[in-house]
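K.L.:
Following this message is one structure expressed as structure tokens.
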Amino acid sequence: MLRKVSLLFLLFASTLCFAQISDGQLNTLDNRYVDEYGDTAKIYTDEVEIELSDKTYNTDYKVIDFKLDTTFVDTTLSMKKYYNFNLERKDHFEKMSFHNPGQSYNSLAYTFDVNSTYPKIGARAQHANYYEVEDIKYYSVPTPTTELMWSTVLEQGHLLDALFTFNLSRQFNASLSFKSIRSLGKYRHSLSDHGAARITMSYHTKNKKYFIRGHLVAQDLNNEQNGGLTDESVGYFESNDPNFKDRARLETNFTDAQNSVRGNRYYFDHFFVLWDKKDSLKSIPSDLKIGHQFNFERKHYEYEQDNANRMFGPAFSNDISDDAKYSKLYNEAYISLNSPITLGEVRFKVNNYLYNYSYKSIVITEDGVIDSKLEGNSFALGGEWHTKFKKFNLDVDASQVISGDLTGHAYSAMASFKTDSVFTASGRVFSNSRTPNFNFLLNQSDYKNYNWQNDFNNEEINGIDIVFDSDKWIYAAAHLTNIDNYAYFDIDEDTGHTAPKQSSEAVNYFKIMLSKEIRFGNFALDNQFIYQQVTSGEDVLRVPDFITRNTLYYANYIFKGKPLYLETGVTFSYFSKYLMNAYNPLISEFYLQNEREYGGFPLLDFFINFKVKTMRVYFKLEHFNSSFTEKNYYSAPTYPYRDFVIRFGLVWNFFI
């Protein structure tokens, strides 16, 4: 599937490098020609003198996210862009990455998903690079544009993320994109091989009565698994034995396994404006819309191993081949009224969630029969209210499962206050009840100890978020979360292997995040800091007390005429010691361990980034202090973080 979509991408990119711009209109008041993109021009005729101009700017190239928030293609260079220059193109401040790009991340801090009322497949560690519905961007552009992101990796491979977006008319915009990574890694059997193709489209009629947007995504994320270093190899690593400077010499627990997530998704959201009335004297327009959202997704999680390994205990067969299949069909219908009477937008919605999580057959064990699948459907009702009064905003969202095989709800209310470019303050309260992910409830494997079927209670997540954001002063956020029936993985006392559990004790988690950049001339110190505590349930949810990242850098234009903008400096990252979660590649989940604390090691990166026109170049000496500091840096127990490596990459935007 990925190969077919990739071929389609190349064909479109080579044949559709054009844009159709329709005829505009002549404004007779000032003899100005206004085209449908809002560009003005003077035209020469027998009676008037009009001058043509077809200039476009990067702000004309709009990017629309899942919530319909609109930004534009940003070609600037900043610290935020530097932190996001990675495979997922997200800031990893709250995560500890494994040594090879494309592998998983260990969580140093948590932000819980409280917007959904339905469970997911699980295998969360393998989903770090997986595109969810909320990750897809849509585009509205006056001319075709391309963005290329390329980067070196550790060994034998590269990272590429290519986007091509275009219009066929003012009403129809589309994009084709493909991201892939291949990186061999420094340790044995740690290859990352990922591919993700995305196609998006958006369209509206000329009278703006009907709108539709949708996407097609095909993803194939493969990772070789080695089970981490053996106890003997851990000793060689930590003693800095010169015979093992080449990390491929270190022995791992196995070299014949791989796991993967493959998924296809078909999504669209469309609505029709039944009635609208615009009044320039009223700040709130009036309209009535009816809409529908469709989401069909199929997904596989697979683990394959040539020979059963004693690390996971006894097996039914020597050749391990585990395959969990998951499909969902989600439909939502809604009606939305925007009116001064309702003080904003009021939306009523109803949705149906049809799911099927399955394995090949039933499993008969000494404890009983384990079913081959979980399937069913659920209906939920909900509503939203969004209003604005001067500088205040209020957003309320509520959904409740009313019937079916699952139960749950998602309630949230957020109030915000924004001054003119000085600061924004917001507060949110939320309550979420949801069934734990399906792999907590049902799992089958060729390894005997990894077969289970559970009847867990819903996880109940309640909390408060308070955020103050000011470029002039500081960014500060406080999060207080309470979780009942928290589901997690731990070592089972009877089998000695990883198993799902549910806490009988409530978990209280408190997190404060501070961020501030201090400037002095052309120098700047960019700081992020997290302080967090688990005041109740610390035996099942473990986090370091604090995390910090500090970047001292120099920024300025250089050379005559300012053709090049430069940012260069050093980044320091650190988190305190704690009982870091261990990684289980068989189920692609992290689990609790009580043997040793990890952390307390500094990570130093030196970087030189520069921008020329629309090209940003990133050059980094990553973890350069590894050659003269203690060898105690781990991403998870028995999984060392990467040693010193030189990385190079760029992001380049092309506008036609």
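K.L.:
Mind checking which residues of region 443-462 are under 25 Å from THR407 (Cα atoms) and crowded, with 21+ Cβ neighbours inside 10 Å?
P.N.:
ASN443, GLN444, GLU459, ILE461
K.L.:
Moving to a separate point now. For region 141-167, give me the residue count where each residue is under 30 Å from SER192 (Cβ atoms) and either touching a helix residue (DSSP H, G or I) at 6+ places or on another chain (Cβ under 7 Å) or in a strand (DSSP E or B) (or both).
P.N.:
Residues meeting the conditions: 16.
K.L.:
What residue, among those in region 131-158 that are open to solvent by less than 10 Å² (accessible area, probe 1.4 Å) and closer than 14 Å to ARG89 by Cα, is farthest from the chain's Cα centre (by Cα)?
P.N.:
Filtering first and then ranking leaves SER151.
K.L.:
One residue is enough: does region 569-587 have a residue meeting the conditions small (Gly, Ala, Ser) and part of a loop (DSSP other than H, G, I, E, B)?
P.N.:
So far as region 569-587 goes, yes, one or more of its residues are small (Gly, Ala, Ser) and part of a loop (DSSP other than H, G, I, E, B).
K.L.:
While we're looking at this one, here's another question. Out of (1) surrounded by fewer than 21 Cβ atoms within 10 Å (Cβ to Cβ); (2) part of a loop (DSSP other than H, G, I, E, B), the odd one out for MET201 is which?
P.N.:
It fails just one condition, (2).
K.L.:
Which of the following residues is within 30 Å of LYS448 (Cβ to Cβ) and either polar (S, T, N, Q) or in contact (Cβ under 8 Å) with a residue 24 or more places away in the chain (or both): THR419, THR387, THR365, THR342?
P.N.:
THR365
K.L.:
Which residue is farthest from LEU441 (Cα to Cα), if the candidates are limited to region 361-376 and must be assigned to a strand (DSSP E or B) and open to solvent by 70 Å² or more (accessible area, probe 1.4 Å)?
P.N.:
Here is the first cut: in region 361-376, the ones assigned to a strand (DSSP E or B) are 363-365, 368-370, 373-376.
Now drop any that are not open to solvent by 70 Å² or more (accessible area, probe 1.4 Å), which leaves 364, 369, 373, 375.
Values: ILE364: 17, VAL369: 14, LYS373: 10, GLU375: 12 Å.
Here the answer is ILE364.
K.L.:
Oh, and also: Run down PHE456, PHE468, PHE440, PHE430 and say which single residue is part of a strand (DSSP E or B), more than 28 Å from VAL346 (Cβ to Cβ) and not charged (D, E, K, R).
P.N.:
PHE468
K.L.:
Counting only residues that are among the β-branched types (Val, Ile, Thr) and open to solvent by less than 50 Å² (accessible area, probe 1.4 Å), which one in region 397-423 is nearest to ALA324 (Cα to Cα)?
P.N.:
If we take residues in region 397-423 being among the β-branched types (Val, Ile, Thr) and open to solvent by less than 50 Å² (accessible area, probe 1.4 Å), then VAL401 is nearest to ALA324 (Cα to Cα).
K.L.:
Now, a different point. Test THR638 against the stated conditions and say whether it is at positive phi, surrounded by 16 or more Cβ atoms within 10 Å (Cβ to Cβ) and out of contact with any Lys or Arg (no Cβ under 7 Å at 6 or more places or on another chain).
P.N.:
yes
K.L.:
Does ASP46 meet the test of being at pLDDT 50 or above, of a type in the set (Asp, Glu) and over 30 Å from THR568 (Cβ atoms)?
P.N.:
Values: at pLDDT 50 or above: no; of a type in the set (Asp, Glu): yes; over 30 Å from THR568 (Cβ atoms): yes.
No, not satisfied.
K.L.:
When you check GLU238 against the structure, is it under 30 Å from ASN625 (Cα atoms), open to solvent by 50 Å² or more (accessible area, probe 1.4 Å) and in contact (Cβ under 8 Å) with a residue 40 or more places away in the chain, yes or no?
P.N.:
Yes: the conditions hold for GLU238.
K.L.:
Check ALA324, ALA308 and return the single one that is open to solvent by less than 50 Å² (accessible area, probe 1.4 Å), within 30 Å of THR498 (Cα to Cα), in a loop (DSSP other than H, G, I, E, B) and in contact (Cβ under 8 Å) with a residue 12 or more places away in the chain.
P.N.:
The match here is ALA308.
K.L.:
Suppose we filter ARG182, ARG188, ARG170 for residues that are in a loop (DSSP other than H, G, I, E, B), open to solvent by 30 Å² or more (accessible area, probe 1.4 Å) and under 30 Å from ARG247 (Cβ atoms); which single one remains?
P.N.:
That would be ARG188, the only listed residue that is in a loop (DSSP other than H, G, I, E, B), open to solvent by 30 Å² or more (accessible area, probe 1.4 Å) and under 30 Å from ARG247 (Cβ atoms).
K.L.:
Would you point out which residue out of PHE348, PHE430, PHE438, PHE379 is in contact with a Gly (Cβ under 7 Å, 6 or more places away or on another chain), open to solvent by less than 40 Å² (accessible area, probe 1.4 Å) and over 30 Å from PRO314 (Cβ atoms)?
P.N.:
Going through PHE348, PHE430, PHE438, PHE379 in turn, the sole match is PHE430.
K.L.:
With respect to LEU579, determine if the residue is within 28 Å of TYR301 (Cβ to Cβ) and open to solvent by 10 Å² or more (accessible area, probe 1.4 Å). Walk me through it before giving the result.
P.N.:
Details: within 28 Å of TYR301 (Cβ to Cβ): yes; open to solvent by 10 Å² or more (accessible area, probe 1.4 Å): yes.
Yes; evaluated as a whole, the condition is true for this residue.
The values are calculated or read from the model by the stated rules, or taken from the named source; none is laboratory data. Everything numeric here is computed off the predicted structure, so don't read it as measured data. Cβ coordinates were reconstructed from backbone atoms using ideal geometry, including for glycine residues, and neighbour counts include every protein chain displayed. With ligands, DNA and RNA removed, areas are computed over all heavy atoms of the protein, side chains included. Shrake-Rupley method; radii C 1.70, N 1.55, O 1.52, S 1.80 Å.
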